[in-house]
Amino acid sequence: MPQSFTPEKNSNIVILTGAGISQESGLETFRDPDGIWSKVRLEDVATPEAFAKNPHDVHSFYNMRRERHRVATANPNHAHMALARLEAQWLGQVTVITQNVDSLHESGGTQNLIHMHGVHSKARCNHCQHIVSWEGDMSTETLCDGCGDAGGMRPHVVWFGETPLELGRIQAALVECDLFLSIGTSGNVYPAAGFISVVQKIGRAHTVELNLEPSLGAELFDEGRYGPATDVVPSYVDELLETL
Ligand code: APR
């Protein structure tokens, strides 16, 4: 793999993040040996079919996850804060596209942020599509303050088999990107896992994977920086800012 490169000062940086960037803030990842999907079947809690069949189990899962995220959100780590520092000081556009449904990028200071899998901090009504901020537990008795119905309220997160959010905005960012970073994601879930191929096909960007270990798509990147996100991300950001 060619070694690191120095982007133009006003180049556009697109950063994809996954659960690995939040792991050192105390949130489990999904597919690590002790990950979430080793404790519960995603087919039972993270699909529209599961919600239709057994909404109580889905609500219980997300009520527990929402509480975990609420606690962790006060604890953005040095990787989240390094990305916010990059966005604040970089002369070109910095866009963070996260698969994560936690609010750690926001609490770490990132502004230009796309939550392609939704967020735990919002709820949506299946009946009228009304979206509201949401803190506490939710159940089949929860009333929608849009249509007044019960039974339709669900987490505003994207389940397997559903279309991720803001794909148009994401595509526009990938087309214009000069430097593509992928941080803390295993490369298991599409379309996010396919962004590296989109960027490669356009042929304009230098691509770097920053992860605890090589992901499924590691070979597609120009460079790999491996280790805990709180080590490799701040040091890579420092390298970029030193070129200014
Ligand atoms: N620092 C850097 N990387 C880490 C760390 C860490 N401290 N801890 C774990 N990782 C890496 C793992 O090596 C793995 O490659 O983060 C990645 C986490 O992978 P997954 O658990 O598969 O999470 P993610 O890629 O975000 O999953 C994508 O799948 O279940 C769905 O919707 C869910 O958004 C999620 C999507």
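For the stretch 99-244, build the charge dipole from Cβ charges (+1 Lys, Arg; -1 Asp, Glu) around the Cα centre, then report which of 107, 127, 186 sits farthest towards its positive end.
Of the candidates, 127 comes out farthest on the positive side.
With every protein chain kept in place and ligands, DNA and RNA left out, what is the accessible area per residue of the stretch 149-224? Probe 1.4 Å, answer in Å².
Normalised by residue count, the accessible surface of the stretch 149-224 is 43 Å².
Using only the alpha carbons, work out the radius of gyration and Dmax of the stretch 99-142 in angstrom.
Considering the stretch 99-142 through its Cα atoms, Rg and Dmax are 12.2, 35 Å.
Based on Cα coordinates alone, diagonalise the gyration tensor for the chain, multiply each eigenvalue by 5, take square roots, and list the semi-axes in whole Å, largest first.
For the chain, the semi-axes come out at 33, 18, 17 Å.
Considering Cα pairs under 8 angstrom that are at least six residues apart, work out the relative contact order of the chain and quote it in whole percent.
Details: 465 pairs, mean separation 60.3, N = 244.
This gives 25 percent for the chain.
Which order do you get for 115, 130 if you rank them by accessible area with a 1.4 Å probe, largest at the top? Kindly include the intermediate steps, with their values, before the conclusion.
Working: 115 25, 130 65 Å².
Descending order: 130, 115.
At a 1.4 Å probe radius, carbon and sulfur cover how many percent of the accessible area of the chain?
52 percent
All other residues with a Cβ under 11 Å from the Cβ of residue 36 taken together, and with Lys, Arg as +1 and Asp, Glu as -1, what is their net charge?
Net local charge, residue 36 excluded: +2.
For the stretch 54-115, what is the charge dipole size about the Cα centre, in debye to the nearest 20, if Lys and Arg each add +1 at the Cβ and Asp and Glu each add -1 at the Cβ? It would help to have the intermediate numbers written out before the result.
On the way: 5 positive and 5 negative charges, 18 e Å.
Computed about the Cα centre, the dipole is about 80 debye.
Report, ordered by chain and residue number, the lysines lying within cross-link reach of residue 9, taken as a straight Cα distance under 29 Å and ignoring same-chain residues fewer than 8 apart.
201
Straight-line reach from residue 53: which lysines have Cα under 23 Å away, leaving out those fewer than 8 places along the same chain?
Residue 53 reaches 39, 122.
Can you compute the charge dipole magnitude of the stretch 57-215 about its Cα centre, using +1 on each Lys and Arg Cβ and -1 on each Asp and Glu Cβ, nothing else charged? Give it in debye, rounded to the nearest 20.
Computed about the Cα centre, the dipole is about 260 debye.
The values are calculated or read from the model by the stated rules, or taken from the named source; none is laboratory data. Since this is a predicted model, take the numbers as computed values, not measurements. Methodologically, a virtual Cβ is constructed for each residue, glycine included, from the backbone with ideal geometry; neighbour enumeration extends over all protein chains shown. Just so you know, the surface numbers come from the protein's heavy atoms only, side chains and all, with ligands and any DNA or RNA stripped out. Shrake-Rupley method; radii C 1.70, N 1.55, O 1.52, S 1.80 Å.
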